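Below: the structure, in structure tokens.
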Amino acid sequence: MVRMAFTLALCISIVLWFCVGPSLAGPQTGKGDPVTSTVIAAGSRIDVTINTDEASISQPSVIKWVQNAADSVIAYYGRFPVPRYTLRVIAFDGSGVKHGTTWGRMGGLTRIYVGSKSSAEDFGDDWMLTHEMIHLAFPSMMGEEHHWIEEGLSVYVEPIARIRAGHWTALQMWSDLVHDMPKGEPRLDDEGLDHTHTWASTYWGGALFCFLADVEIRKQTKNKKGLEDALRAILNAGGDINEDWSIEKTFKTGDEAIGVGVLEKLYSEWKDKPVQVDLDAMWKQLGIAPGGGTVRLNEDAPLSAIRRAIEKGSGAEKPVPAAGTASAGPDEWRAPIAIFAGRTPRVR
Ligand SMILES: [Zn+2]
């Protein structure tokens, strides 16, 4: 979840040997066997290494999980964020996914730990890999005080991206957000997002900022544009994780693309003082009625159309390749495909 400067000299010798279709028939990795596979996602290349020093793990399950996360990110951004991405999976004895970390090095690099006993449900429920891939789609902020937007963005966009790809449900997302979003409400003695470096402010304060920005953009554009349009514009202007941008340049680029100054205005209001948000009123306006540990969605609320647009987006668009990738034919826009490569990559 945390990003930092990092240099890793890793040279992987890959011998591509065959393409595998949706059945993903592949080997169970044995203990101690590092495995390299490549997933092609909307023209981008995801190189996956699986370290099995501690435990063995199902290679097809890991690759399917990678494909689903890539699928989600593509559904939100219209493309995979970077042309080449390296994913280092480290298997541990246990279940679930933990300790994801992403760096703006090698074109985009993530290290993440996956339990050898993870079930299909564990992989299906995982949000962390999608969260890490979303970091690829935003510039590295110049200044540690802006870390909240990097994390808040990934927290807010991740469930939406998974809904768009059919890997999560809107009902589940709103239920989770009603429970978790209050963690982002500032305390009265907080000093704004740039100066309050608690976990709650960084992750959920940042997510609350993104949520408000999304709703406000949709209000001001009569629901024709949303936060995703600003984020796609930032990415398409070259603002991926490999680039260091100021927060001012980032928000200006986003605002110019959507034609309304929402991000810059919100930032000026939130950066150095605690802004109170009436979340209960927002849920009501959006048609989200909490109760009994879940929510009920009301389609007749004043902003229920905005809620649906957040869930579904402005329409299914054909993915475009990341800058630097070769143009792809129609067949490549289907679900990400996997290419299993040599099982013992040489590291020099
Ligand atoms: Zn993160």
Self-check item: Which numbered condition Pro186 fails, given (1) over 22 Å from Ala230 (Cα atoms); (2) within 14 Å of the ligand (Cβ to nearest atom); (3) surrounded by 21 or more Cβ atoms within 10 Å (Cβ to Cβ)
Solution: (2)
Practice problem: Among the residues of the range 160-197, write down those that are assigned to a loop (DSSP other than H, G, I, E, B) and within 14 Å of Leu279 (Cβ to Cβ). | Solution: Glu185, Pro186
Practice problem: Could you look through the range 138-159, keep only residues that are more than 12 Å from the ligand (Cβ to nearest atom) and part of a loop (DSSP other than H, G, I, E, B), and pick out the one that is surrounded by the most Cβ atoms within 10 Å (Cβ to Cβ)? | Solution: Pro139
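Just one of Ala91, Ala75 is part of a strand (DSSP E or B), more than 16 Å from the ligand (Cβ to nearest atom), among the aliphatic types (A, V, I, L, M) and more than 20 Å from Leu208 (Cα to Cα); which is it?
Ala91
Take Pro336 and decide whether it is at pLDDT below 60 and either at negative phi or out of contact with any strand residue (DSSP E or B) (no Cβ under 7 Å at 6 or more places or on another chain) (or both).
no
Listed here are the residues, each with its yes/no results for (1) in the same structural domain as Val157 (by TED's automatic domain parsing); (2) closer than 21 Å to Asp180 by Cα; (3) crowded, with 18+ Cβ neighbours inside 10 Å; (4) within 20 Å of the chain's Cα centre (by Cα).
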residue: Gly205; (1), (2), (3), (4): yes, yes, yes, yes
residue: Gly239; (1), (2), (3), (4): yes, no, yes, yes
residue: Glu256; (1), (2), (3), (4): yes, no, no, no
residue: Val262; (1), (2), (3), (4): yes, no, yes, no
residue: Leu286; (1), (2), (3), (4): yes, yes, yes, no
residue: Thr294; (1), (2), (3), (4): yes, yes, no, no
Quiz prompt | Every residue from the range 96-129 that is within 16 Å of the ligand (Cβ to nearest atom), among the hydroxyl-bearing types (Ser, Thr, Tyr) and over 19 Å from Pro83 (Cβ atoms) | solution = Thr101, Tyr113
Quiz item: Filtering the range 160-183 down to residues that are among the β-branched types (Val, Ile, Thr) and away from the ligand (no atom under 16 Å from the Cβ), which residue is nearest to Ala207 (Cα to Cα)?
Solution: Val178
Practice problem: Evaluate the following for Ala213: is it crowded, with 18+ Cβ neighbours inside 10 Å, outside the structural domain of His99 (by TED's automatic domain parsing) and within 19 Å of Ala257 (Cβ to Cβ)? | Solution: yes
Exercise. Output the number of the condition that Glu191 fails; it satisfies all remaining conditions of (1) assigned by TED's automatic domain parsing to the domain that holds Trp283; (2) in contact with a Phe, Trp or Tyr (Cβ under 8 Å, 6 or more places away or on another chain).
Key: (2)
Quiz item: Which condition number does Leu193 fail, the rest of (1) over 20 Å from the mean Cα position of the chain (by Cα); (2) more than 21 Å from Gly261 (Cβ to Cβ); (3) within 16 Å of the ligand (Cβ to nearest atom) being met?
Solution: (2)
Exercise. Considering only residues that are of a type in the set (A, V, I, L, M, F, W, C) and assigned to a helix (DSSP H, G or I), look in the range 95-130 and name the one that is surrounded by the fewest Cβ atoms within 10 Å (Cβ to Cβ).
Key: Ala120
Self-check item: Residue list for the range 154-166, restricted to those being over 8 Å from the mean Cα position of the chain (by Cα) and farther than 10 Å from Val73 by Cβ
Solution: Tyr156, Pro159, Ile160, Ile163, Gly166
Exercise. Answer with yes or no whether Lys265 is among the charged types (D, E, K, R) and more than 19 Å from Trp204 (Cα to Cα).
Key: yes
Practice problem: Output yes when any residue across the range 160-180 is surrounded by 20 or more Cβ atoms within 10 Å (Cβ to Cβ), basic (Lys, Arg) and out of contact with any Gly (no Cβ under 9 Å at 6 or more places or on another chain), and no when none is. | Solution: yes
Quiz prompt | In the range 211-249, the residues that are charged (D, E, K, R), over 19 Å from Phe138 (Cα atoms) and not in a loop (DSSP other than H, G, I, E, B) | solution = Glu216, Arg218, Lys219
Exercise. Find all pairs meeting these conditions: Cβ atoms under 8 angstrom apart; at least six residues apart or on different chains; first residue within the range 240-256 and among the aliphatic types (A, V, I, L, M); second residue part of a helix (DSSP H, G or I).
Key: Ile241/His135; Ile247/His146; Ile247/Ile149; Ile247/Tyr267
Quiz item: Just to be sure, is Arg218 under 19 Å from Val155 (Cα atoms) and either assigned by TED's automatic domain parsing to the domain that holds His131 or in contact (Cβ under 8 Å) with a residue 12 or more places away in the chain (or both)?
Solution: no
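The values are calculated or read from the model by the stated rules, or taken from the named source; none is laboratory data. This structure is a prediction, so every number in the text was calculated from the model and none was measured. Quick reminder, even Gly has a Cβ in these numbers, built from the backbone with ideal geometry, and neighbours come from all protein chains shown.
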